[in-house]
Amino acid sequence: MALEEGNHDNAIVGGESAVTHNEEGCDTNNQENSASAEQMDTPEEEIKGWGFTDPRLRPFVVISITYLLFTVTDGAIRMIVLLHAYSKSFSALEVAVMFSLYELAGVFTNLAAGMMGARWGIRFTLITGLCLQILSYGLLFGWKDTWSKETAIIYVTIAQMFAGIAKDLTKLGGKTVTKLVTPEGKDTRLFRLVSLLTGWKNSLKGVGYFLGSALLEVSYELALGFMMGLIIIALPFAIFGLDKDLGTAKKEEFI
């Protein structure tokens, strides 16, 4: 009888231990499942919180400011050269020649800009483009009324060539940064950024046309100086606001 009672007590104790062990196992599994759920949810929450105020968008903001300011000057330089040449009685064909290297330089720059960006980064191409635009405007200050038409055409065509190179070097940053700052699987946000940047670019190019024409009515030198000032304003954003390695490819890709 005592043996039976002892066995009965042992069974009860064993049952309680088993229940306790099962409860602890359930708690452990629940904790592991909760941790796994939190790990799975974290990226989603991070991506969900990704917006225009996110620090990861800083390169996009910086490049957008510089690119859009550049766009104003790019639109303006076309109108300044066109209307100033018209006031000096250049024919339509002669003016077209002045813009020939502007467009042709863009073809070769597009081929080289991608390799430059991959090797030296978007910051390098952006700063180089802005500096070349300053050079182009600076050269246009040297356009003299006393020159022959042939001399003026050659000189202005070369000055415009630097503007064409500058345009495509700067455009590389504006077009590339949207992809670099967009999280994986967020193509909708990528399209939104591209649409926003493209819309502002087209609008500000029109502003450049208007500003260049309006300032030229006052003074040729004023129009050039004002546009150079916009580029100088844009330069610090590119120099101090971007990482030098942004957009660079891995070294082994060049080996």
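The values are calculated or read from the model by the stated rules, or taken from the named source; none is laboratory data. Everything numeric in this text was worked out from a predicted model, so none of it was measured. Counting neighbours? That spans all protein chains shown, and the Cβs are built from the backbone with ideal geometry, glycine included. All accessible areas refer to the heavy atoms of the entire protein, side chains included, with ligands and DNA or RNA removed. Shrake-Rupley method; radii C 1.70, N 1.55, O 1.52, S 1.80 Å.
Per-structure values
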{"item": "Segment 99-132: number of residues that are part of a helix (DSSP H, G or I) and within 22 Å of residue 80 (Cβ to Cβ)", "result": "12"}
{"item": "Residue 166 under 18 Å from the mean Cα position of the chain (by Cα), in a helix (DSSP H, G or I) and under 15 Å from residue 78 (Cα atoms)", "result": "yes"}
{"item": "Sole exception among (1) in a helix (DSSP H, G or I); (2) modelled with pLDDT under 85; (3) open to solvent by less than 60 Å² (accessible area, probe 1.4 Å) for residue 182, by number", "result": "(1)"}
{"item": "Selection from segment 68-87 of residues that are open to solvent by 10 Å² or more (accessible area, probe 1.4 Å) and among the aromatic types (Phe, Trp, Tyr)", "result": "86"}
{"item": "All positions within segment 136-153 that are surrounded by 15 or more Cβ atoms within 10 Å (Cβ to Cβ) and part of a helix (DSSP H, G or I)", "result": "136, 137, 139, 140, 152, 153"}
{"item": "Every residue from segment 158-168 that is modelled with pLDDT of 90 or more and open to solvent by less than 10 Å² (accessible area, probe 1.4 Å)", "result": "159, 160, 163, 164, 166"}
{"item": "Boolean, residue 137 is at pLDDT 95 or above, of a type outside the set (A, V, I, L, M) and closer than 20 Å to residue 214 by Cα", "result": "yes"}
{"item": "Restricting segment 83-122 to residues that are polar (S, T, N, Q) and in contact (Cβ under 8 Å) with a residue 24 or more places away in the chain, the residue that is nearest to residue 160 (Cα to Cα)", "result": "100"}
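Condition check ((1) part of a helix (DSSP H, G or I); (2) modelled with pLDDT under 90) across all residues:
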site: 195; (1), (2): yes, yes
site: 206; (1), (2): yes, yes
site: 213; (1), (2): yes, no
site: 249; (1), (2): no, yes
